[in-house]
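Read through the structure below, which is laid out as structure tokens, and then see the notes.
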Amino acid sequence: MRRLGLLTTMVLMLVLALPGLALAQDGPTVADLSLAMDTVWVLIAAVFVLFMQAGFAMLEVGFSRMKNVGSVVAKILVNLAIAAMLFWAVGFAIAFGTGNAIMGTQGWFLAVPQNAVNDVYAGLSWTQVPLSAKFLFQVAFCAVSLAIVWGTMLERTKFAVYVIFAVVFAGLLYPLVGHWIWGGGWLTELGMQDFAGSTVVHLSGAMAALAGTLLLGPRLGKYNDEGRPVTIPGHNMPLAVLGVLILWVGWYGFNPGSTMAATPQIADIALTTTLAAAAGVLGAMLMSYAYRRHVDVGMGGNGAIAALVAITAPCAFVAPWASIVIGFVAGVVMYATLVFVDGIGVDDPLGAIAAHGMGGIWGTLSAGLFTTPELAAIGRPGLFYGGGLYQLGIQALGIVACGGFVFLASLAVFATLKATIGVRVKPDQELDGLDIHEHGVYGYPDLVATDYQNGNGASKIPDPLDRTAEGTV
Amino acid sequence: MEPPITQATARGNNVVAVYADRVELRSGWQGQHVEAISIRDVSAVRIRGVINCALTILDNNGRHFELQRMALPDARAVKAAIERQKQKASTYE
């Protein structure tokens, strides 16, 4: 009996000691733990950036009339799906694959052996996280850029146009610009500073949006009989502001996540991001009050977005005080641009050209002004820190090259679409709303407002509020 | 009211709609101005351009309506619909 007890005790001790022995022999090294932390951080950041799609959906829904909300969310979903597919197939390889100064030529379909990842994707070899994490983070950026395109084209665009242009943009245009600046292309070689994508993501999207809007034309009723712009209010301002706040939160993945490593620097980047956004809200609201004598809620939201777009390029390179200046100026410039764009006949329901376009241009230039010598990991210090005009010139060159390329290429695609299938829905469809014509449902079945056509009998769509119709009480 | 055979949007709140017996041109901020041209009165329909097309409708009274910045498929559809209706009315030259 004593022997049995002794044997049992020994076996138990051995079982208890085994994990300790195993850990002592195969325990993770500091490098393993660091890589795991980096990977978790990049995945969390990627999810934050993907969640920005919800922000765009709410923002666009809020700024749309209720007859078009279903179309907006359907478009967001299909664009996210197309961006994921195309970026996986070809986009990621063009953007980050090893190649020449114009485009990557290796790594199609992510089909790369584990030990060759850094050779095939030289554009992202500076980060050690797994390829799948790199892809997830970058595809989320591509989807954001694509979402920006449609903010200006709401409420009158054919659904097929969304789908076809998304294929071209996610598969070719965005990856090319990404390669030039981030993937080892010619602007990388020149030292252009665009930390998280003021130019790559936001300016690209806005330039494509401008091209599309010029060919699409304004919504019916946007300009009155004297040619002056008429405000077409969105149907739900709380949803629009919710969208802005989701985007603001998502930006904590966008900017700090672009370190692609869990370093202490992410806190500094989060700080500059926050200060800029706050200053942008104040700048836009002050402009709104000065111009119209009331504080416009939508413009406050657009001010935050413009500031976040602007701080995206220099967020890792500038001091906190500079981020406040950058954000405030972005809010002011956004408002002035919005008024100007409205006045020259370009109907931009969301203010995407002003917020993402001018915000992107100002943000990219601001890196050439405010980058400090200590934080200039890429390129040179800014003009205000004794760096001279070199960096500012490179930033301006990048804006002209990338913005011009995306604008012209998008113009060619939209022109082809306009000459072949048409880009705009029929007038009755626009007046009745895209929800019922393009998707067969109302966004709000019990509460929908359509335009004048619905009341004069020209529309084929039954009035949902007509309770005298057959089958209703 | 009968639905149009085809319709299209042009620049500046202008809408053209083709019905069996007439072409309607709606304009104005709220679509408040409506000009109806009888199909029999339409003398010619022309399209100019490929991307931002101009659709010109001439009538027998010497009036000249030009709709600008239309998509080519829309302009073609309007022209084809008018010509088809004129053929049906046996007045096509």
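The figures follow:
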| quantity | calculated |
| --- | --- |
| Within region A:176-273, helices (runs of 4 or more DSSP H) holding 3 or more residues that are under 20 Å from the mean Cα position of the chain (by Cα), at pLDDT 95 or above and away from chain B (no Cβ under 14 Å) | A:204-216, A:237-254 |
| Residue match in region A:289-299 (condition: buried (at least 24 other Cβ atoms within 10 Å of the Cβ), over 28 Å from A:Ala211 (Cα atoms) and among the small types (Gly, Ala, Ser)) | no |
| Whichever residue in region B:15-26 is surrounded by 14 or more Cβ atoms within 10 Å (Cβ to Cβ) and more than 9 Å from chain A (Cβ to nearest Cβ) and, among such residues, is nearest to B:Ala75 (Cα to Cα) | B:Val18 |
| Entirely in region A:94-168, the helices (runs of 4 or more DSSP H) that have 2 or more residues that are in contact (Cβ under 8 Å) with a residue 24 or more places away in the chain and crowded, with 17+ Cβ neighbours inside 10 Å | A:131-149, A:159-168 |
| Some residue of region A:346-368 being over 15 Å from A:Ala284 (Cβ atoms), touching a residue at least 12 places away in the same chain (Cβ under 8 Å), touching a His at 6+ places or on another chain (Cβ under 6 Å) and not basic (Lys, Arg) | yes |
| B:Arg48 over 10 Å from the mean Cα position of the chain (by Cα) and closer than 26 Å to A:Val413 by Cα | yes |
| All positions within region B:35-70 that are assigned to a strand (DSSP E or B) and among the polar types (S, T, N, Q) | B:Ser38, B:Ser43, B:Thr56, B:Gln68 |
| Residue that is surrounded by the most Cβ atoms within 10 Å (Cβ to Cβ), among those in region B:27-44 that are of a type in the set (S, T, N, Q) and in contact with a strand residue (DSSP E or B) (Cβ under 7 Å, 6 or more places away or on another chain) | B:Ser27 |
| Residue tally, condition closer than 19 Å to A:Ala316 by Cα and free of Cβ contacts under 8 Å to residues at least 24 places away in the same chain, over region A:391-403 | 0 |
| Which listed residue is farther than 20 Å from A:Met358 by Cα and not hydroxyl-bearing (Ser, Thr, Tyr), from A:Gly298, A:Gly280, A:Gly253, A:Gly331 | A:Gly253 |
| Some residue of region B:4-12 being of a type in the set (A, V, I, L, M, F, W, C), more than 13 Å from B:Leu67 (Cα to Cα) and within 7 Å of chain A (Cβ to nearest Cβ) | no |
| Single unsatisfied condition, A:His439 versus (1) crowded, with 20+ Cβ neighbours inside 10 Å; (2) in contact with a helix residue (DSSP H, G or I) (Cβ under 6 Å, 6 or more places away or on another chain) | (1) |
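The values are calculated or read from the model by the stated rules, or taken from the named source; none is laboratory data. The structure presented is a predicted model; accordingly, all values stated were derived computationally and were not measured. Positions of Cβ are backbone-derived with ideal geometry, glycine not excepted, and every protein chain shown enters the neighbour counts.
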